[in-house]
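These notes are about the structure you will find just below.
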Amino acid sequence: MKRLPVSCPSCGGDLAVRRLCCAKCQTEIEGLYPLPPLAGFSPDDQEFILEFIKASGSLKDMASLLRVSYPTVRNRLDDIIRKLRQNEVKPKEKK
Amino acid sequence: MNPQNKTRILLFNPFFYIAGGQALGLGLAAILLTGLVGSFGHTHFDGVLDTHVGASAPLWFFVAEGIIDWLCLSVVLWICGKIISQTAFRTVDLFGTQALARWPAFFICLIALPKVFRRFPLEAVAQLKQGNFQFNTLDVILFLALAIAMLPFLCWMVALMYKSFSVSCNVKGGKAIGTFIAGLLIAEILSKLAMVLLIPLAIPQAPIPAKPAASATGIQSVPGDSSTNTDSDIAGAATHFVDLLVKDDFAAAIAQFDATMKTALPEPKLREAWQSVQKQFGPFQKQLGTRLQEVEGYKIVFVTCQFEKSSLDTKVVFDSNHQVAGLFFVPTTTPSPK
């Protein structure tokens, strides 16, 4: 599966969506749409976030699902929260 | 994850997989087992970072040492974590993983099991005091080899303690390492203080035989005298005390001292005195009997001992609490009792 690029290979800036296409009728829409915050995460992190939501946010359930310890899960979640906060700060800095 | 990586994680960061109550249970089991093996080899963990081979003690004392070390470090790191961590960590994770981090201590106890590890330091200290350097080369080599073999396990244990702190409190980098080192030093001091409080409870008061046979000890008892049993007890305590000297169990002998004697005649001095007597009068052979005197509330027992070259009285002075308040080695002045 191709990984969605989120940073510009030339200047390192955030990429935005320029064109969207309907998978059913092939209609194309052009515009300038920012990528959702979760798109900036690695596929592993995105999968973790999805599983976390499916587990109703239970760290214990996540720990048993992933077969790791509770603090390992919590630390990973902390890392994701930290990244999210950093991404939130970036746009503000640009403004 | 490839098996090699998993093995590395299990060895150096098992807390990736195990924490909380599970780690606490395994850790406490490891501390108990370490105490048990330590009691066989007299291996003391008398401080968070200390490992010494020393005096014999009850099993519970060896277990208590491990528990004190674990609790001291866990409490200090818990406070450190609350100060520097930005996450709300669970107490059971830190305490559980810290308990499990002590499991390399079990291997240290195994390494210390050979008798040479206990014998060599005692002999070395005694010989150094006498200025008589006659070390058995094999003993020296074995002792050094075992001591060096312990070091990797000690380093491993400290590495696990840090990982436990890092994972449980989600702290990393220089700040985490600095805080951990500071915490470790504070915990070391605290554990040492706790040991000072524990030792008086741990060293057993030497059991005073209930009714040693009067004829065996040579006591001249008066029928109907109410003090006869007490005198027999005192004489029995004195002969038991000499037995401890003969067995080189100076820690247990010192346990019978009162506070003044404990200060005036610590274990090395008592050992030195006993060895000096044997050097002068030859090896101890047997006890010949006892005589009892009472002076100003003190009960004085003369335990006549036969050494290879001569007989000598070990004069043991008991206070009203049956504690040894004085100890002398004096020439036998009266004929040896029966």
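Derivation of every value follows stated rules applied to the coordinates shown; laboratory data play no part. Computed from a predicted model, the values in this text were never measured in an experiment.
Excluding residues fewer than 8 places away in the same chain, name every one of the aspartates and glutamates whose C-alpha is closer than 20 Å to that of B:Lys192.
List returned: B:Asp46, B:Asp50, B:Glu65, B:Asp69, B:Glu267.
Could you tell me the center-to-center distance, by alpha carbons, between the range B:285-304 and the range A:35-95 in angstrom?
Using only Cα atoms, the two centres lie 79 Å from each other.
Given the options B:Gly25, B:Gly41, B:Gly173, which has the most mean-square fluctuation in a GNM of chain B, springs set between C-alpha atoms less than 10 angstrom apart?
B:Gly173
Express the relative contact order of chain A as a whole percentage, based on alpha carbon pairs under 8 Å and six or more residues apart in sequence.
The normalised contact order for chain A reaches 15 percent.
What number of lysine-lysine pairs in chain A show an alpha-carbon separation below 30 angstrom, given a sequence spacing of 8 or more or placement on distinct chains?
Lysine pairs, 8 or more places apart or on different chains, close enough: 13.
From the backbone phi of the range B:232-243, what are the Karplus-calculated ³J(HN,Hα) couplings (6.51 cos²θ - 1.76 cosθ + 1.60, θ = phi - 60°) in whole Hz, Gly and Pro given as x?
My calculation for the range B:232-243 gives 4, 4, 4, 4, x, 5, 5, 5, 5, 4, 5, 4 Hz in order.
As a check on your grasp of the helix formula, calculate [θ] at 222 nm for chain B: sum -39500 (n - 2.57) over DSSP H runs of n ≥ 4, divide by the residue count, round to the nearest 500.
Rounded to the nearest 500, it is -20000 deg cm²/dmol.
Amide H to amide H under 5 Å from B:His42: which residues, 5+ apart in sequence or cross-chain, H placed 1.01 Å off N in plane?
none
Would you look at the GNM of chain B, springs on alpha carbons closer than 10 Å, and say which of B:Ile68, B:Ile254, B:Ile141 moves the most?
Checking each option, the largest mean-square fluctuation is seen for B:Ile141.
Residues with amide H under 5 Å of B:Asp313's amide H, sequence separation 5 or more or different chain, H placed in the peptide plane at 1.01 Å from N; which?
Under 5 Å from the amide H of B:Asp313 lie the amide H atoms of B:Cys305, B:Val330, B:Thr332, each far enough along the sequence or on another chain.
Could you give me the ³J(HN,Hα) list for the range B:41-54, computed from phi with Karplus coefficients 6.51, -1.76, 1.60 and θ = phi - 60°, whole Hz, x at Gly and Pro?
Working through the residues one at a time gives x, 6, 8, 9, 9, 8, x, 4, 10, 9, 9, 9, 9, x Hz.
Taking amide H atoms as placed 1.01 Å from N in the peptide plane, list the residues 5 or more away in sequence, or in a different chain, whose amide H sits under 5 Å from that of B:Gly289.
Result for B:Gly289 returns B:Thr304.
Just to check, using Stokes-Einstein with a Kirkwood Rh over alpha carbon pairs, what's the diffusion coefficient of the protein assembly as shown at 10 °C and 1.306 mPa s in µm²/s?
58
Across the range B:15-20, in residue order, what do the Karplus-derived ³J(HN,Hα) couplings come to in whole Hz, using 6.51 cos²θ - 1.76 cosθ + 1.60 with θ = phi - 60° and x for Gly and Pro?
Computed from phi, the couplings for the range B:15-20 are 6, 4, 9, 10, 7, x Hz.
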